[in-house]
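Student: The structure follows.
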Amino acid sequence: MGIDLNDGQRFAGIMEHIDHHIKVVRYGTENLTVNVAIECETCGCVLVSDDNPNPPTQEEMDADREATANKERRGIDVEKLNEATRKEMNAKIDEELGTDANVYYSAYESDDEGLIRNNLLDIAVEGCVRFTYAGGWGDRKFRSPVIQSPTWLQICGIAEDAIRISGDYHHTFLEGIRPKDPEQGGAGQTVAVFELSFGS
Ligand SMILES: [Zn+2]
């Protein structure tokens with residue numbers, strides 16, 4: 001039977017399922033969740049269950065089911081394709097920075113179907129820009145030179161410099177760039193400034 005988390009029977013309720021196969025499951029469409037539950041597979045019962053306090057609308061669920069069905073009809077294996085795209089991007093980065101580079105690129109975007117697009121050669125920011133990184137230890141703050149309309153691939157190179165200069169080899173996943181206050185450049189031009197955003 002289920003476990004009532006609010007009453008004095010909790011101990012006995014949990015005891016009933018010692019050594020059973022317990023599973024956390026969710027209900028809904030592929031990407032939207034209506035309900036989550038903790039279930040005992042051994043007993044075939046729901047132990048604890050809760051509805052999503054912000055449930056998706058019927059329209060959202062229908063659209064999500066439709067997207068899933070379309071994807072299946074077209075036979076797209078998203079994980080497999082994404083794996084190939086990541087491999088292709090890593091190869092490009094290795095070619096540019098060498099295989100001993102520390103940076104892992106993860107500033108790519110996915111489309112509605114979850115497919116990653118290789119955006120390494122896209123221009124990330126138009127115009128004069130400088131990158132900073134305040135992570136790492138002590139005062140080894142990183143400031144890149146000013147560069148013109150860099151691609152994401154170029155930013156990978158800058159991120160590699162940031163990792164080495166800051167000495168922070170723990171946060172090496174480049175997840176994106178965050179705008180900061182612009183600076184006044186030498187020739188009176190405005191330089192956009194972005195903080196590199198790393199994760200681990
Ligand atoms: Zn059980």
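Values quoted throughout were computed directly from the atomic coordinates according to the rules given, and no laboratory measurement underlies them. From a predicted model like this one, the values you see are computed outputs, not experimental measurements. Cβ placement follows ideal geometry from the backbone for every residue including glycine, while neighbour counts extend to all protein chains displayed.
Student: First check a/c for region 10-74, with a ≥ b ≥ c the square roots of the eigenvalues of its C-alpha gyration tensor; if it is under 1.5, answer rounded, and if not, answer prolate when a/b is larger than b/c or oblate otherwise.
Tutor: Oblate, because a/c is 1.5 or more while a/b does not exceed b/c.
Student: Distance in nm between label sites at T151 and D4, each 7 Å beyond Cα in the beta-carbon direction?
Tutor: Here the answer is 6.5 nm between the modelled labels.
Student: Using R₀ = 35 Å, calculate the FRET efficiency as 1/(1 + (r/R₀)^6) where r is the Cβ-Cβ separation of C45 and S110; round to 0.05.
Tutor: Rounded to the nearest 0.05, the efficiency is 0.40.
Student: To the nearest 500 deg cm²/dmol, what mean residue ellipticity at 222 nm is calculated for the chain from DSSP H runs of n ≥ 4 alone, each contributing -39,500 (n - 2.57), summed and divided by the residues?
Tutor: Calculated from helices alone, the mean residue ellipticity at 222 nm is -9500 deg cm²/dmol.
Student: How do 48-60, 173-185, 120-132 rank on mean C-beta neighbours within 10 Å, highest first?
Tutor: 120-132, 173-185, 48-60
Student: With each pseudo-label sitting 7 Å past Cα toward Cβ, what's the V78-E60 distance in nm, one decimal?
Tutor: That separation, rounded to one decimal, is 1.6 nm.
Student: Also: Any chance you could count the Lys pairs in the chain whose alpha carbons are under 28 Å apart, treating pairs 8 or more apart or on different chains as valid?
Tutor: 7
Student: OK, next. How much length, in nm to one decimal, is gained on full extension between E88 and Y169, taken as 0.36 nm per residue of separation minus their Cα-Cα distance?
Tutor: In short, 26.8 nm is gained.
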